[in-house]
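Only one structure is covered here, and it is reproduced in the block below.
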Amino acid sequence: MNKKSVAVRYIALSLCLWFVVSLSVQGTIHEQEPIRPDPYARFISFTVQNGLSHDLVLDILQDKFGQMWFATKAGLTRFDGTHYTIYKNISKDPHSLSHNVVVALAEDSYGDLWVGTHDGLNKYDRTKDRFIRYKAEKGKLDGLQDNLIKALYADSEGILWIESQGGYLSRLDIKKQTCTYIALLIQ
């Protein structure tokens, strides 16, 4: 072995040793209490047997009223703490969900629930217990660019950000009810 390779090995070994020692010293200095189970914690499983619309849950949201919403492969489920309500697409009802595959949920700063599906965006009308549909319009350069919604985010400024199939990003001004196409996200 030449002197250069011995020196490189010595430096590498020294760095590794220093790294291991520094980790072990940090572990003793910042040692934490072990996690103990909370005797008052209670876990409940939500399944199809007790009211969930499907066992494959794609998103979960607790709204400002304390209700739990579950986006599933077979509809949207609302749980109020006692009862389950399942919302599905009904082909001849324009106020039902636009599709049964629900992938994204968001609650905006006004308390409105937004539901992204494989066939459009839906806004839940709490007073009438029904949905208002928002769809992409073919050939339109602004607004939603695709009906397969992938993600939703409601910011504190009253804007709903919508990612749709193909990486399209749209911005819905909730108060003005105007939807603007922003960008094509890199995938």
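The values are calculated or read from the model by the stated rules, or taken from the named source; none is laboratory data. All figures in this text were calculated on a predicted structure; none of them were measured in a lab. Note that we place each Cβ from the backbone using ideal geometry, even for glycine, and neighbour counts take in every protein chain shown.
Of the residues making up segment 120-142, those that are under 18 Å from residue 75 (Cβ atoms) and of a type in the set (A, V, I, L, M) are 121, 132. Considering segment 158-187, the residues that are β-branched (Val, Ile, Thr) and modelled with pLDDT under 90 include one that is farthest from the chain's Cα centre (by Cα), namely 178.
Residue check: is residue 90 in a loop (DSSP other than H, G, I, E, B), of a type in the set (A, V, I, L, M, F, W, C) and either within 30 Å of residue 51 (Cα to Cα) or touching a Cys at 6+ places or on another chain (Cβ under 9 Å) (or both)? Against the criterion (in a loop (DSSP other than H, G, I, E, B), of a type in the set (A, V, I, L, M, F, W, C) and either within 30 Å of residue 51 (Cα to Cα) or touching a Cys at 6+ places or on another chain (Cβ under 9 Å) (or both)), residue 90 qualifies. In summary, residue 85 fulfils each of the numbered conditions (1) over 30 Å from residue 130 (Cβ atoms); (2) β-branched (Val, Ile, Thr); (3) at pLDDT 95 or above with the single exception of condition (1). Close contacts from segment 85-110, counting a first residue that is farther than 15 Å from residue 61 by Cα and among the charged types (D, E, K, R) and a second that is in a loop (DSSP other than H, G, I, E, B) and at pLDDT below 95, with Cβ to Cβ under 9 Å and a gap of 6+ residues or different chains, come to 88/53. For segment 38-55, filtering for residues that are assigned to a loop (DSSP other than H, G, I, E, B), free of Cβ contacts under 8 Å to residues at least 24 places away in the same chain and either loosely packed, with under 12 Cβ neighbours inside 10 Å or not acidic (Asp, Glu) (or both) leaves 10. Counting the residues of segment 155-171 that are among the aliphatic types (A, V, I, L, M) and over 18 Å from residue 118 (Cα atoms) gives 1. Within segment 93-110, the only residue that satisfies the criterion of being surrounded by fewer than 19 Cβ atoms within 10 Å (Cβ to Cβ) and within 19 Å of residue 52 (Cβ to Cβ) is 96.
When segment 41-65 is limited to residues that are modelled with pLDDT under 85 and not polar (S, T, N, Q), the one that is nearest to residue 149 (Cα to Cα) turns out to be 46.
Search segment 143-157 for residues being under 15 Å from the mean Cα position of the chain (by Cα) and outside any strand (DSSP E or B), and hand back the single one that is surrounded by the most Cβ atoms within 10 Å (Cβ to Cβ). Once the filter is applied, the top-ranked residue is 148.
Inspect all residues belonging to segment 156-167 and state whether any of them is within 18 Å of residue 95 (Cβ to Cβ) and not hydrophobic (A, V, I, L, M, F, W, C). For segment 156-167, residues within 18 Å of residue 95 (Cβ to Cβ) and not hydrophobic (A, V, I, L, M, F, W, C): absent. When 47, 85, 117, 77 are checked against the criterion of being on the phi < 0 side of the Ramachandran plot and touching an Asp or Glu at 6+ places or on another chain (Cβ under 7 Å), a single residue qualifies: 47. Of the residues making up segment 111-142, those that are free of Cβ contacts under 8 Å to residues at least 40 places away in the same chain, outside any loop (DSSP other than H, G, I, E, B) and crowded, with 21+ Cβ neighbours inside 10 Å number 4.
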